[in-house]
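Here the structure is laid out as structure tokens; the discussion comes afterwards.
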Amino acid sequence: MPRDAFSHVDTWVFDLDHTLYPPSARLFDLIEVRMTDWVMNTLNVDRDHANHLRVKYWREHGTTLAGLMREHDVDPAPYLEDVHDIPMDSLTPDPVLAARIRALPGRRIVYTNGCAPYAERVLAARGLSGLFDAIYGVEHANFQPKPERAAFDMVFAKDGVTPVSAAMFEDDPRNLAAPFAMGMRTVHVAPDPLAADHIEYHTDDLSHFLSQLTG
């Protein structure tokens, strides 16, 4: 039973996008448009090439921002502010999910490749504000992104996370490899399951999965 497998967990780490809200909200679609616009305007390339670079850097570097920093030495702060300047109209409060997160014993944190101010806006729109002990963005890992092990090491050191007594909930399977290697319980939150050694559990319904852990 999942409940038994998580009985030792005292720290619950949640990704943000497509994890604490469903992909059907299409919030990231808006961010991707702004990313492409930013690349196009900053690098002075056409839209097709900008979109190609956005995807290429995400695949090769973990995030588009990481690729822009490494390949073009961009300043991350204006980028993060601009691409996350989107409306939250598609998000709705989820009081059931909120109650199930609140019922988790121990420390609860959010760790996203976005920035912390954006995460706070998403949590507010989902009715999840005040449930987490800390919110960490890519800025807290010196702009190193998940899935890099160094990024996890930095954030977990700041928070005092003991990986062997922690669990990670994440939609991007790449971002579960390092947590698994560190000894964390790993849960892939996505519509479709993926078979991989570093994915211990899968769910297409985070709220229901959490209900199995707390009763």
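A few notes on this one:
- Positive-end residue of Gly62, Pro93, Leu43, charge dipole of region 32-97 with Cβ unit charges: Gly62
- Heavy-atom SASA rank of Trp58, Trp38 (probe 1.4 Å, accessible area, largest first): Trp58, Trp38
- Electrostatic dipole magnitude of region 88-162 [Cβ: Lys, Arg +1; Asp, Glu -1; Cα centre; debye, to 20]: 220
- Probe 1.4 Å, accessible area per residue of region 96-146, Å²: 36
- Zone of Thr162's modelled label, taken as backbone nitrogen in region 176-215 under 19 Å from a point 7 Å along Cα→Cβ: 179-186
- Projecting the Cα positions of Gln212, Thr112, Pro22 onto the charge dipole of the chain (unit charges on Cβ atoms of Lys, Arg, Asp and Glu, taken about the Cα centre) puts Gln212 furthest along the positive direction.
- Comparing mean-square fluctuations of Leu43, Leu65, Leu53 from a GNM of the chain with C-alpha springs under 10 Å, the top value falls on Leu43.
- Just checking the listed ones, Val45, Val13, Val122: in the Gaussian network model of the chain with Cα springs under 10 Å, the one fluctuating most is Val45.
- Dimensionless Rg/Rh of region 70-144 - Kirkwood Rh, Rg from C-alpha atoms: 1.04
- Working note: 222 nm ellipticity from helices only, DSSP H runs with n ≥ 4, each -39,500 (n - 2.57), summed and divided by the residues of the chain, gives -13000 deg cm²/dmol to the nearest 500.
- Size descriptor, Kirkwood hydrodynamic radius, that averages inverse alpha-carbon separations across region 116-160, Å: 11.2
- Shown here are the Rg and Dmax of the Cα trace of region 20-77, at 11.8, 35 Å.
- The label point for Val33 and the one for His52, both projected 7 Å from the Cα toward the Cβ, are 2.4 nm apart.
- For region 1-44, the fraction of C-alpha pairs farther apart than 14 angstrom is 68 percent.
- Sorted largest first, extent of the chain alpha carbons per principal axis (Å): 54, 35, 31
- All C-alpha to C-alpha distances of region 103-215, sorted into 10 Å bins beginning at zero, yield P(r) values of 13, 45, 39, 3 percent in whole numbers.
- Of all the options Pro193, Pro145, Pro163, the one that moves most in a Gaussian network model of the chain with Cα springs shorter than 10 angstrom is Pro193.
- Heavy-atom accessible surface of the chain: percent carbon and sulfur, 1.4 Å: 50
The values are calculated or read from the model by the stated rules, or taken from the named source; none is laboratory data. These numbers come from a predicted model, not from an experiment. As a convention, Cβ positions derive from the backbone with ideal geometry for all residues, glycine included, and neighbour counts pool all protein chains shown. What goes into the accessible areas is simple: the full protein's heavy atoms, side chains included, and nothing from ligands, DNA or RNA. Shrake-Rupley method; radii C 1.70, N 1.55, O 1.52, S 1.80 Å.
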